[in-house]
Amino acid sequence: MPLDDAAQVVSELASNAVLHGRVPGRDFRLRLVLDPGASLRIEVSDARGDRIPHIPNPAVTDGESGRGLLLVAAYADRWGVDEAPAGCKTVWAELTYAGRRS
């Protein structure tokens, strides 16, 4: 199963959790769920359920940051945000591997 795309998605979601979802004294959680030969679901949960991520308008984003979710959307077949217990959120992405190259 190719892992380069998955590594990029994990990196972006984990970075976002550290930069935008951090609450002092609380870390983020990474969960990987593999359906062998079919798909990989990547989930990153953090403590800032009040900060829901969205894809910025690329025409408006001219800073050095803010494009991570554009990369996630490009690599993943699906992605989204779910509420998690205790005011947290889980940002997830799914990558399917039928016909995908490494």
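Among the residues of the stretch 55-77, which ones are at pLDDT 75 or above, farther than 14 Å from Tyr97 by Cβ and in a loop (DSSP other than H, G, I, E, B)?
Residues of the stretch 55-77 at pLDDT 75 or above: 67-77.
Filter again for farther than 14 Å from Tyr97 by Cβ, leaving 67-74.
Residue satisfying the conditions is Arg67 alone.
Evaluate the stretch 81-90: report whether one residue or more is part of a loop (DSSP other than H, G, I, E, B), surrounded by 14 or more Cβ atoms within 10 Å (Cβ to Cβ) and either modelled with pLDDT under 85 or basic (Lys, Arg) (or both). No, the stretch 81-90 has no match at all.
Can you find, within the stretch 40-49, the residue that is farthest from the chain's Cα centre (by Cα) among those that are within 18 Å of Ser15 (Cβ to Cβ) and in a strand (DSSP E or B)? So, considering only residues that are within 18 Å of Ser15 (Cβ to Cβ) and in a strand (DSSP E or B), the one farthest from the chain's Cα centre (by Cα) is Asp46.
If you go through the stretch 2-14 one residue at a time, do you hit one that is farther than 15 Å from Leu69 by Cα, at pLDDT 95 or above and of a type outside the set (D, E, K, R)? Looking for residues that are farther than 15 Å from Leu69 by Cα, at pLDDT 95 or above and of a type outside the set (D, E, K, R), one finds none in the stretch 2-14, hence no. For the stretch 9-39, filtered to residues that are hydrophobic (A, V, I, L, M, F, W, C) and in a helix (DSSP H, G or I), the residue that is surrounded by the fewest Cβ atoms within 10 Å (Cβ to Cβ) is Leu19.
The values are calculated or read from the model by the stated rules, or taken from the named source; none is laboratory data. Remember, predicted model here, so these are calculated numbers, not experimental data. Positions of Cβ are backbone-derived with ideal geometry, glycine not excepted, and every protein chain shown enters the neighbour counts.
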